[in-house]
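The numbers here are math on the coordinates, done by the rules we state, and not lab data. Values in this document were obtained by computation on a predicted structure and should not be read as measured data. Here the Cβ positions follow ideal geometry from the backbone for every residue, glycine too, while neighbour counts run over all protein chains shown.
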Amino acid sequence: MSIKVCVIIAAAGSGRRMGGLNKIVQPVGGRPVLTWSLALFEQSPAVDEIIIAAAEEQVELLRALAAPYGKVTAVVAGGNSRAASVSRALAAASSRVSHIAVHDAARPLLSSADWQALLAAAAKAPGGVILAARPSDSVKSIGEDGYLKEALDRNSLLLAQTPQIFPAALLREAYAMDSATLESATDEAALVAKTGARIRYLQAAEPNFKLTFAADLALAEAELRRRGCLMADSPFDSLPAMPAFGQTALDAPAGCKLTEDGLRIGWGWDIHRLAAGRPLLLGGVAIPHHVGLLGHSDADVLLHALIDALLGAAALGDIGSHFPDNDPRFRGADSRLLLRQTHELLTKAGWRIINIDATVIAEQPRLQPYRQLMRESVAAELQLAPQAISIKAKTAEGLGEIGRQEAIAAQALALIRG
Ligand code: MG
């Protein structure tokens with residue numbers, strides 16, 4: 001039996017245990033937590049549609065995050081409880097699916113193999129099937145007096161995870177129960193069991209834990225690295241810009257932290273032709289010379305290399321994607337403004353610049369006397385101390401187009417921290 005699935009992603013949880021952290025939009029492995037599940041379901045042929053139940057104040061943000069995923073048909077505002085949220089998503093599910101799966105947005109580690117196995121099991125399970133893990137610790141029950149009561153036989157215990165998948169009619173029947181029953185359930189299996197259905201389980205082969213505490217983000221990142229799937233095929237790259245990520249300080253770093261300490265490096269290179277009747281601008285400093293650089297903007301080759309280095313470090317695209325050279329808005333543009341806008345983009349995404357190292361390659365004029373001016377100019381634009389900026393000058397020893405004074409090139413490195 002081939003099944004057609006609607007996946008409901010429960011994303012309305014408050015994240016209280018994470019200290020108010022907006023966990024499902026936090027970056028893990030280079031993309032927001034929620035989008036790991038979205039990418040998996042988007043690529044699964046059995047999945048017909050995806051519906052997200054979001055906290056009311058996050059509906060717009062999650063719509064933006066979900067935009068690259070064509071199977072997402074609705075982002076609905078959830079209710080005060082998990083059941084109320086899933087209930088609203090159910091109302092938006094199409095009637096053409098045979099099965100409905102419910103998955104926690106805070107479980108970004110669901111593996112493709114576990115999902116495939118779950119689908120295969122669901123096709124043969126009239127009462128539905130859930131993904132689960134066996135407890136590895138000893139399990140005790142506790143009394144209200146604060147003392148341990150009894151040791152439970154862990155071989156008869158199971159930790160219920162998600163996805164939990166059921167025939168569509170069965171899940172709808174379960175959600176038709178009275179609201180007190182709905183409110184008391186912590187997962188779909190608890191509700192479906194009340195209909196008398198017998199539910200199967202499948203032990204997850206890969207870690208699939210729920211991000212509950214702030215430290216879980218680091219654990220999830222380590223697991224993704226172990227699987228070698230950091231940033232794999234991320235449709236997230238096609239998003240126009242990182243959305244604003246909440247208010248708290250903990251929410252702020254919205255970029256991709258790929259190293260332990262959040263450091264990232266970027267490289268940029270640019271070259272412009274020299275022509276008569278043009279000013280020579282390098283690092284925002286006008287340098288007296290009989291020829292200048294030709295370009296759509298003011299052709300400040302040093303700032304262009306620097307902009308690319310900064311965008312590169314944050315993986316936010318390149319200068320051409322932000323300031324196209326066929327856009328009339330940037331004709332004759334002051335590249336210092338472009339640099340400032342680039343800096344704003346990085347700041348918004350949670351990055352700050354640590355240092356810059358750049359080299360200008362020009363046969364003429366001699367740039368040594370202008371190095372300090374260029375440093376100060378760039379430092380002022382980036383609101384950094386001049387000590388954080390290094391600008392070096394070289395000639396091309398008379399070789400090639402630069403040596404023939406037909407062009408000037410620049411290279412830049414930027415180090416940033418998330
Ligand atoms: Mg350029």
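General observations
- Each of residue 263 and residue 385 was given a label point 7 Å from its Cα along the Cα-to-Cβ line. The distance between the two points is 1.8 nm.
- Here the range 5-246 is assigned +1 on the Cβ of each Lys and Arg and -1 on the Cβ of each Asp and Glu. Its dipole about the Cα centre then comes out at about 320 debye.
- When DSSP beta bridges are restricted to pairs lying wholly in the range 5-246, around 40% turn out antiparallel.
- The modelled label-to-label distance for the pair residue 149/residue 340, using points 7 Å beyond Cα in the direction of Cβ, is 6.6 nm.
- Beta bridges assigned by DSSP with both partners in the range 336-418 are antiparallel in approximately 60 percent of cases.
- Relative intensity of the chain on a log10 scale, I(q)/I(0) at q = 0.12 Å⁻¹, equals -0.94, per a Debye sum over C-alpha point scatterers of equal strength in the absence of solvent.
- A crude spin-label estimate for the pair residue 399 and residue 203, with each label 7 Å from Cα along the Cβ direction, gives 6.3 nm.
- For the chain, with +1 on Lys and Arg beta carbons and -1 on Asp and Glu, the positive-most of 110, 280, 59 along the dipole: 110
- Selection of GluC sites (Glu not before Pro), the range 340-402, meeting DSSP coil and at most 16 other Cβ within 10 Å: 397
- Per-residue [θ]222 nm for the chain (sum of -39500 (n - 2.57) over DSSP H runs n ≥ 4, rounded to 500): -8000 deg cm²/dmol
- Electrostatic dipole magnitude of the range 136-178 [Cβ: Lys, Arg +1; Asp, Glu -1; Cα centre; debye, to 20]: 200
- The range 5-246: proportion of alpha-carbon pairs further apart than 29 angstrom, %: 27
- Between helix 215-227 and the chain there is an angle of about 80 degrees, using the helix long axis and the longest principal axis of the Cα atoms.
- Charged-residue dipole, Cβ positions (Lys, Arg, Asp, Glu), the chain about Cα centre, Debye nearest 20: 320
- If both residues of a DSSP beta bridge must be in the chain, then about 60% of such bridges are antiparallel.
- Distant alpha-carbon pairs in the range 263-417 (separation over 26 angstrom), percent: 20
- Positive end of the dipole of the chain (Cβ unit charges, origin at the Cα centre): among 354, 73, 151, the Cα lying farthest that way belongs to 151.
- Nearest 10 degrees, 0 to 90: helix 112-122 Cα axis against the chain principal axis: 30
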